[in-house]
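Below is one structure, written out as structure tokens, with a few remarks after it.
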Amino acid sequence: MASSLSETSASVGLAGPRTAFPIAPDAETRRMLCRWHGEYGAVYRVPDTRGGPDHWVVHDPRLVRQVLVKRGADYEKGRGLDRVRLLLGEGIMVSEGAFWARQRRLMQPAFRPRALADFNAMMLAENRALAERWAAAATGGAAVDVAAHISELTLVIVLKSIFGRDYEALVAAHGNPFALLTETPERDLRFAARFHRLAGVVAAVVERRRAAPRPAFDFLGHMLAARSRTGASMSTRALIDEVMTLIVAGHETTASVLAWAWYLIATHEDVCARARAEADAVDEAALGTRGPGADLPFIGRVIDETLRLYPPGWLLSRRARVDTDLGAHRLPAGSQVFISPYVLHRHDAHWRDPQRFDPARFARDDEPGHRFAFVPFAAGPRHCVGEHMARTEMGMHLAVMLRRFTPRYAGEAPPAMESRINLRPAAGIYLQLTQR
């Protein structure tokens, strides 16, 4: 299924549009990347609007592997993250160098499956509470905006995972100070200013914990207890940045994928029936102890196929730190390299009928046609640290809800996409739910 490197790199890599274009996380970039992929192939160059070195767009999986993994040390985070840094400071999503490596080492133990198992019972309880709301809507015949409800659900889950027992006090004192993440769709400077003010809420929790230390198995507890190789702990500023990063990354990406998953399940009766049968066969109470894991293989493939078609992190960027090779080409330091999982995951050299929703493709040995044709959580040193938790959260939600409801899409047209930092539904996803 894979095309040859000589075709994708040596021949096509020298082509590309002649007019400069500002590649950025927006709808016009997504549209142009899809168009250019058809015109120029898997590797091409785009002139920089700022007059710097040409940008490189890479959708050859072997070169994706080279950029993200084999020569990952030659690159740092690239253009497009400026607005993310405005929100998140120097959290691990945007930080670089020795500081990033230290922070990643300190945080990694908290994301091991054994540590994350402490959150399973809480996730199950939150999903059951949401199921009661959906049951009331189903009884009344009202369509449910599952995108909005899931956004609220994932926000509560990530906040409880971070703050543990402090969550209830935090909400009691301030309402839910982080509700603006679900109530405000814009991610502009005004939103950034409001979000920054929440750093004070986090700082107050951190200081209370430090004044009265106690064993805690939430993310904040793990980060407070973490020590570097020299015995140093995280500074308050670093803790705040990492907490803010976890809140944004752990909420919006998972919520987006689940919203798209419901649209796809509701519009494919055969997939819905098979996923529902699998959910029926699982012991729901056990989900609160061991999580969904291997008990839900088909639902896991539904999640993978949703991630393929609607990867939340749809545009990755890297900047060459040094002069480096990219296949047959030499990139000067400062060159921007862009990889769009949205385009890569629809590359017909590596996927059969790539526009089609087909969870069964992940049970076949020859799809994807290359390991690095599927990178919904990126890859290499920058691989998303929260992948296991996200998959657990998504699998549990779908299993709990499919045991109770049969969904029907209530819209008249496919949902519009909002292509910003995350790829999410632009105006909700409405389902008519029937109780089983």
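The values are calculated or read from the model by the stated rules, or taken from the named source; none is laboratory data. Remember, predicted model here, so these are calculated numbers, not experimental data. Positions of Cβ are generated from backbone atoms using ideal geometry, with glycine treated the same way; all protein chains shown enter the neighbour counts. Just the protein is used for accessible areas: all its heavy atoms, side chains included, with ligands, DNA and RNA removed. Shrake-Rupley method; radii C 1.70, N 1.55, O 1.52, S 1.80 Å.
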Selection from the range 6-54 of residues that are among the β-branched types (Val, Ile, Thr), open to solvent by less than 30 Å² (accessible area, probe 1.4 Å), more than 25 Å from the chain's Cα centre (by Cα) and at pLDDT 95 or above: VAL46
What number of residues within the range 164-175 satisfy the criterion of being outside any helix (DSSP H, G or I) and surrounded by 17 or more Cβ atoms within 10 Å (Cβ to Cβ)? 1
State all residues of the range 372-428 that are closer than 22 Å to ILE299 by Cα, β-branched (Val, Ile, Thr), open to solvent by 10 Å² or more (accessible area, probe 1.4 Å) and part of a loop (DSSP other than H, G, I, E, B); if no residue qualifies, say none. VAL385
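Tell me which residues, restricted to the range 37-54, are under 16 Å from ALA328 (Cβ atoms) and without any contact (Cβ under 8 Å) to a residue 40 or more places away in the chain. It would help to see each step written out before you state the result.
Step one: of the range 37-54, the residues under 16 Å from ALA328 (Cβ atoms) are 40-45, 54.
Hits for the range 37-54 are TYR40, GLY41, TYR44, ARG45.
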Of all residues in the range 305-322, how many are assigned to a loop (DSSP other than H, G, I, E, B) and surrounded by 17 or more Cβ atoms within 10 Å (Cβ to Cβ)? 6
Looking only at the range 183-217, filter to residues that are β-branched (Val, Ile, Thr) and at pLDDT 90 or above; which one of those is farthest from LEU116 (Cα to Cα)? VAL201
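One line per residue, one yes/no per condition, for (1) on the phi < 0 side of the Ramachandran plot; (2) in contact with a Ser or Thr (Cβ under 7 Å, 6 or more places away or on another chain); (3) outside any helix (DSSP H, G or I); (4) charged (D, E, K, R):
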| residue | (1), (2), (3), (4) |
| --- | --- |
| GLU242 | yes, no, no, yes |
| LEU246 | yes, no, no, no |
| HIS251 | yes, yes, no, no |
| ALA255 | yes, yes, no, no |
| LEU258 | yes, no, no, no |
| TRP262 | yes, no, no, no |
| ILE265 | yes, no, no, no |
| VAL271 | yes, no, no, no |
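Can you tell me which residue in the range 134-162 is modelled with the lowest pLDDT, limited to those that are in a loop (DSSP other than H, G, I, E, B) and of a type in the set (A, V, I, L, M)?
From the range 134-162, those in a loop (DSSP other than H, G, I, E, B) are 141-143; that's our starting set.
Going one step further and asking which of them are of a type in the set (A, V, I, L, M), we end up with 142-143.
Details: ALA142: 93, ALA143: 96.
Only one residue tops the list, namely ALA142.
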Scanning the range 91-105 for residues that are under 15 Å from ALA232 (Cβ atoms) and among the hydrophobic types (A, V, I, L, M, F, W, C), the one surrounded by the fewest Cβ atoms within 10 Å (Cβ to Cβ) turns out to be ALA98
Out of ASP348, ASP353, ASP325, which single residue is part of a strand (DSSP E or B), surrounded by fewer than 23 Cβ atoms within 10 Å (Cβ to Cβ) and not basic (Lys, Arg)? ASP325
Give the range 388-414 a look and list any residue that's of a type outside the set (A, V, I, L, M) and over 19 Å from the mean Cα position of the chain (by Cα), or say none. ARG403, ARG404, PHE405, THR406, PRO407, ARG408, TYR409, GLY411, GLU412, PRO414
Cβ pairs under 8 Å, 6+ apart or interchain, first in the range 55-71 and over 24 Å from THR19 (Cβ atoms) and open to solvent by 60 Å² or more (accessible area, probe 1.4 Å), second of a type outside the set (D, E, K, R) and in a helix (DSSP H, G or I), ordered by first then second residue, are ARG62/LEU5; ARG62/PHE372; ARG65/PHE372
